[in-house]
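The values are calculated or read from the model by the stated rules, or taken from the named source; none is laboratory data. A quick note: this is a predicted structure, and the numbers were derived from the prediction, not measured. Backbone-built Cβ (ideal geometry, glycine too); neighbour counts: all protein chains shown.
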């Protein structure tokens with residue numbers, strides 16, 4: 001379980017402190033002008049977020065906290081058979097922490113985390129805080145060199 005050291009810091013079970021360095025938020029379906037969200041569209045949104053936030057200099061592949069999709073009431077139209085929505089707000093956070101064990105050249109470690117929640121942060125959704133607290137930083141983060 002995460003111990004919150006403040007709105008912007010989290011203490012992991014290992015004792016490592018991770019600090020929020022940046023938080024980008026937007027409406028999950030802000031560009032959807034017509035139609036309805038579907039499980040396929042949602043997967044495409046999530047995959048696109050991971051892809052766009054991967055391969056940036058000094059960054060590891062981001063961690064995506066899998067959101068709960070809410071099925072949309074089915075209509076007689078068969079196109080609605082996979083209709084489902086994600087939470088309204090997409091969050092892409094960048095966290096920094098101390099250098100990783102064995103990283104002789106880095107000055108810190110960095111990791112992006114992607115999640116969805118119902119409202120703009122702050123606060124960060126309590127379920128997300130639990131997931132942040134269980135994060136295996138050493139397995140996912142990358143060493144950081146400016």
Among 65, 10, which is modelled with pLDDT under 95, surrounded by 14 or more Cβ atoms within 10 Å (Cβ to Cβ) and closer than 17 Å to residue 140 by Cα?
10
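Any chance region 26-36 includes a residue that's surrounded by 15 or more Cβ atoms within 10 Å (Cβ to Cβ), farther than 17 Å from residue 117 by Cα and modelled with pLDDT under 95?
Taking every residue of region 26-36 in turn, at least one turns out to be surrounded by 15 or more Cβ atoms within 10 Å (Cβ to Cβ), farther than 17 Å from residue 117 by Cα and modelled with pLDDT under 95.
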Residue pairs within 9 Å by beta carbon, gap of at least six or interchain, first lying in region 17-32 and within 21 Å of residue 87 (Cα to Cα), second surrounded by fewer than 14 Cβ atoms within 10 Å (Cβ to Cβ), listed first then second, are 23/122; 25/120
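Per-residue answers, yes or no, for (1) more than 20 Å from residue 9 (Cα to Cα); (2) loosely packed, with under 14 Cβ neighbours inside 10 Å; (3) modelled with pLDDT under 90; (4) out of contact with any helix residue (DSSP H, G or I) (no Cβ under 7 Å at 6 or more places or on another chain):
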{"position": "69", "(1), (2), (3), (4)": "yes, no, no, no"}
{"position": "75", "(1), (2), (3), (4)": "yes, yes, yes, yes"}
{"position": "83", "(1), (2), (3), (4)": "yes, no, yes, yes"}
{"position": "89", "(1), (2), (3), (4)": "yes, no, no, yes"}
{"position": "96", "(1), (2), (3), (4)": "no, no, no, yes"}
{"position": "110", "(1), (2), (3), (4)": "no, no, no, yes"}
{"position": "126", "(1), (2), (3), (4)": "no, yes, no, yes"}
{"position": "139", "(1), (2), (3), (4)": "no, yes, no, yes"}
Output for region 112-124, where each listed residue is free of Cβ contacts under 8 Å to residues at least 60 places away in the same chain, over 22 Å from residue 139 (Cβ atoms) and surrounded by 13 or more Cβ atoms within 10 Å (Cβ to Cβ)
117
